[in-house]
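Okay, so here's the structure we're looking at.
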Amino acid sequence: MLKTRVITALVLLAILLPILFLNNFFAFAAASLVFFAAGAWESLRLFGYSRPRLWAGFWTVAYALIVFVSGMPSVRGLFGLCVLLWALRFIPALGLGLPPLATPGNRLLSVTYTLGLLGCFIAIVSLFQHSPLYLLSIMAIVWVADIGAYFAGKGFGRHKLAPSISPGKSWEGAVGGWLAVLVIAAASVMFLDEETFAGRLYGRFGWPGFIVVMSMLVVASVVGDLFESQLKRRAGIKDSSNLLPGHGGVLDRIDALIPVLPLAALIDLWL
């Protein structure tokens, strides 16, 4: 399993890193289109659609029209809607539960979640237009939080964060991930200045605003991870798909990014 994970990761890096750092918008947007299509298909499977490929195709066409045809119009409203959906619908679902699969409530939830996925990928393209490093500096917040939570949870985890959704996560792990983000992001402020999201954040709001926004993004990453775990638990599956051997599916890799990137992109517009 480890060998398979490493091989898959190396292949993805070999494909994505040149696309990212060539700073070619069309190539990057085309790659994002492929991953969005895969993520939409996986999402609709989790919601019990009988023809997930057909509906994923519909969403993919919508994404392509926004990115390639409309020329990325003002997307502030889309990012704001995504943030509201997470605050008012998805976060409460962690405590209230999900509607049964074969119900109108489930179909409505599937539309809103896929809309959130669309907002995530539009945010990816929007932030890439700022610079590849800037995009990576935001995505790294989620990666650092995940790694920090893993090691803190392994070493100190005692109190379960959401035992009915994801038994392996603990409050100690979540706090460890949050502290890791604050430390690494603060280091990026000192050494990279305003080339990163954290640097711009500090330059505008100082340390208090920096801590508040970073904390919000860490919380959003945990919520995104838990919500996808809740969807998989309801569907009775371990991974969203097997598209990425050793890693599961695309959603398994980006679940924490789905709420974080629209929020970060919205904050970036304010910056």
* Failed item in (1) out of contact with any Gly (no Cβ under 7 Å at 6 or more places or on another chain); (2) surrounded by 12 or more Cβ atoms within 10 Å (Cβ to Cβ); (3) under 30 Å from Ser166 (Cα atoms), with Tyr63 passing the rest -> (3)
* Asked: Would you pick out the residues in the stretch 66-87 that are over 15 Å from Val111 (Cα atoms) and open to solvent by 50 Å² or more (accessible area, probe 1.4 Å)?
  -> Phe68, Val69, Ser70, Gly71, Pro73, Ser74, Arg76, Gly77, Ala87
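Would you point out the residue of the stretch 133-150, among those that are open to solvent by less than 50 Å² (accessible area, probe 1.4 Å) and out of contact with any helix residue (DSSP H, G or I) (no Cβ under 7 Å at 6 or more places or on another chain), that is nearest to Phe28 (Cα to Cα)? If you could, list the steps in order and put the result at the bottom.
Looking only at the stretch 133-150, we keep the residues that are open to solvent by less than 50 Å² (accessible area, probe 1.4 Å), and these are 134-142, 144-145, 148-149.
Cutting the leftovers down to out of contact with any helix residue (DSSP H, G or I) (no Cβ under 7 Å at 6 or more places or on another chain) gives us 136, 140.
Details: Leu136: 13, Ala140: 18 Å.
Looking at residues that are open to solvent by less than 50 Å² (accessible area, probe 1.4 Å) and out of contact with any helix residue (DSSP H, G or I) (no Cβ under 7 Å at 6 or more places or on another chain), I get Leu136.
In this structure, is Ile184 assigned to a helix (DSSP H, G or I) and farther than 22 Å from Arg76 by Cβ? Break it down stepwise before answering.
On the way: assigned to a helix (DSSP H, G or I): yes; farther than 22 Å from Arg76 by Cβ: yes.
It is true that Ile184 is assigned to a helix (DSSP H, G or I) and farther than 22 Å from Arg76 by Cβ.
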* **Single unsatisfied condition, Gly48 versus (1) loosely packed, with under 12 Cβ neighbours inside 10 Å; (2) more than 19 Å from Val67 (Cβ to Cβ); (3) more than 20 Å from the chain's Cα centre (by Cα)** => (1)
* Asked: Which of the residues belonging to the stretch 251-271 are buried (at least 23 other Cβ atoms within 10 Å of the Cβ), in contact with a Ser or Thr (Cβ under 7 Å, 6 or more places away or on another chain) and either of a type outside the set (A, V, I, L, M, F, W, C) or assigned to a helix (DSSP H, G or I) (or both)?
  -> Leu251, Val260, Ala265
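Yes or no, residue by residue, for (1) of a type in the set (A, V, I, L, M, F, W, C); (2) in contact with an Asp or Glu (Cβ under 6 Å, 6 or more places away or on another chain):
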| site | (1), (2) |
| --- | --- |
| Ser131 | no, no |
| Trp143 | yes, no |
| Ala152 | yes, yes |
| Leu179 | yes, no |
| Leu182 | yes, no |
| Val189 | yes, no |
| Gly206 | no, no |
| Asp225 | no, yes |
* To do: Report, ordered by the first and then the second residue, all pairs with beta carbons closer than 9 Å, sequence separation of six or more or different chains, a first member in the stretch 227-244 that is touching a residue at least 40 places away in the same chain (Cβ under 8 Å), and a second member that is among the aromatic types (Phe, Trp, Tyr) and not in a helix (DSSP H, G or I).
  => Leu231/Phe47; Ala235/Phe47
* Asked: Is it the case that some residue within the stretch 151-171 is in a helix (DSSP H, G or I), on the phi < 0 side of the Ramachandran plot and open to solvent by less than 10 Å² (accessible area, probe 1.4 Å)?
  -> no
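The values are calculated or read from the model by the stated rules, or taken from the named source; none is laboratory data. The model shown is predicted, which means the values in this text are computed figures rather than measured ones. Positions of Cβ are backbone-derived with ideal geometry, glycine not excepted, and every protein chain shown enters the neighbour counts. Just so you know, the surface numbers come from the protein's heavy atoms only, side chains and all, with ligands and any DNA or RNA stripped out. Shrake-Rupley method; radii C 1.70, N 1.55, O 1.52, S 1.80 Å.
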